[in-house]
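Below: one structure, written as structure tokens.
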Amino acid sequence: AQPWRGVVREYADRLPVTESTRVITLGEGGTPLVRAPHLSALVDGEVHIKVEGMNPTGSFKDRGMTMAITAAVAEGAKAVVCASTGNTSASAAAYAAQAGLTCAVLVPEGKISMGKMSQALAHGAQILQVQGNFDDCLEVARKLAESYPVFLVNSVNPSRIEGQKTAAFEVVDTLGDAPDYHLLPVGNAGNITAYWAGYQEYARPYVNPHPGTSDAELPAAATRTPTMWGFQAAGAAPIVAGHPIDEPDTIATAIRIGNPASWDRATDARDASGGLIASVTDEQILEAHRWLSSKEGVFVEPASAAGVAGLLAQHAAGNVPAGKTWVITVTGHGLKDPQWALKGADGDDVTPRSVPFDVVTVADALGLA
Ligand code: F0G
């Protein structure tokens, strides 16, 4: 089989590129869809986890960034800018490095994880810690791109959504059809917008606007679209509240957002699919985080567990029908923000025991003796 070529080339017939486009790629996409046996047993259905932490910079942002940086290069941009809670900046910095572009990132001061900060630094981005939250950073980034020669790569840029919709294509290509339900975290609301766009597109016969890259006409790949369930952190749940949150707060720093840019498109996805957008507490997020790592074998950053937290909460409330197929996107790798793994369920630090280098003592300590 041919090696995976990254989402832009793999889905070129459905993306705004041609054969001659210079594609900036790190081989993103093609991420595992892992069956979760314990969640499946709990809900008496089939639960699959789309493990987006397996992308090159460790989050789903790479799908949109390959497209956004490709577009920046096509436009002759020399510099890109983004506001970020961390993952977008890590991704933008990596793709900009390969493209030879200057990358500027604006992050909320003191509120991004060390793993993400270290990625942006390693890739040579110019990082500014803004005295404000993500929403303030995005406002400055947008104004900067309006008035200065710098290309905005946040998800308000349509090419980001175009790239990210490929995750829905992959789910359908793997399962053979759309699942009954798709669950995911919601922050700035770009990803729920992208999945919904992707699922809708795949459920229609498709006429290729760029003939020459692939077949000019494609049959529908899916017979249906899923019900979309999005989950915000309780301290940063503007869509649930129905108004912006001035001081969003949650340990899930990736989704610490009070005024999502794609708000209307998220509520469209919810309403058109007959779905919901609800909130989960930090405690529920950490419980789901522990469930994923200790039972399913999947290590994620806290925000990424919001979809699983949502499934557990909806199941506890009796809202989860049996016999359904569920896909839950876990958005970023556990190594992005590993501090939460070092705490037990009680919140106390867990420190591994120290032992001498003696096999009997080690066997004893492990309860094998
Ligand atoms: N999960 C993770 C790990 C994220 O980094 C983000 C967003 C989301 C979920 C929410 O996705 O914004 O499309 O609704 N992170 C952005 C960033 C804001 O700057 O990295 P969304």
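The residue list 238, 325, 17 was ranked by how far each Cα lies along the charge dipole of the chain toward its positive end, using unit charges on Cβ atoms, and 17 comes out on top. In a simple Cβ point-charge model (Lys, Arg +1; Asp, Glu -1; nothing else charged), the chain has a dipole of about 600 debye relative to its Cα centre. Neighbour counts of other Cβ atoms within 10 Å put 177, 346, 62, 44 in the fewest-to-most order 346, 44, 177, 62.
As an exercise, use a Förster radius of 22 Å and the Cβ-Cβ distance of residue 317 and residue 180 to find the FRET efficiency, rounded to the nearest 0.05. With a Förster radius of 22 Å, E is 0.80. Taken one residue at a time, the phi angles of the range 185-199 give Karplus couplings (6.51, -1.76, 1.60, θ = phi - 60°) of x, 10, x, 7, 6, x, 6, 5, 4, 5, 4, 5, 4, x, 5 Hz. Gly and Pro are set to x.
Shown is the FRET efficiency for residue 74 and residue 246, computed with R0 = 41 Å from the Cβ-Cβ distance and rounded to the nearest 0.05: 0.60. By the rule of a C-alpha distance below 26 Å, with chain neighbours fewer than 8 residues away ignored, the lysines paired with residue 343 are 50, 111, 116, 295.
Relative to the current alpha-carbon distance between residue 34 and residue 363, full extension at 0.36 nm per residue lengthens the span by 115.1 nm.
Count neighbours as other Cβ atoms within 10 Å of each site's Cβ, and list the trypsin sites (Lys or Arg not before Pro) in the range 27-131 that are DSSP loop with at most 14 such neighbours. Filter output for the range 27-131: 78. Sort 294, 84 by Cβ crowding within 10 Å, fewest neighbours at the top. Taking fewest neighbouring Cβ atoms as first place, the list is 294, 84.
For chymotrypsin sites (Phe, Trp or Tyr not before Pro), the sites in the range 305-369 that DSSP calls loop and that have at most 14 other Cβ atoms within 10 Å are 357. Of all DSSP bridge pairs formed entirely within the chain, close to 20 percent run antiparallel. Helical runs assigned H by DSSP (4 residues or longer) give the chain a calculated mean residue ellipticity at 222 nm of -10500 deg cm²/dmol, each run adding -39500 (n - 2.57) before division by the residue total. Of the GluC sites (Glu not before Pro) in the range 4-71, which ones lie in a loop per DSSP and count no more than 11 other C-beta atoms within 10 Å? In loop regions of the range 4-71 (DSSP not H, G, I, E or B), the sparsely surrounded GluC sites (Glu not before Pro) are 19. In terms of other Cβ atoms within 10 Å, 263, 196 run from fewest to most in the order 263, 196.
Dipole check for the range 61-156: with +1 at the C-beta of Lys and Arg, -1 at the C-beta of Asp and Glu, and the Cα centre as origin, the magnitude is about 180 Debye.
Our coupling estimate for the range 261-275, obtained by passing each phi through the Karplus curve with A = 6.51, B = -1.76, C = 1.60 and θ = phi - 60°, is 5, 9, 3, 5, 6, 5, 6, 4, 4, 4, 6, 5, 9, x, x Hz, Gly and Pro reported as x. Within the chain, the proportion of Cα pairs with more than 26 Å between them is 50 percent.
No lab work stands behind these numbers, since they all come straight from the coordinates. No experiment lies behind these values; they were computed from the predicted model shown. Counting neighbours? That spans all protein chains shown, and the Cβs are built from the backbone with ideal geometry, glycine included.
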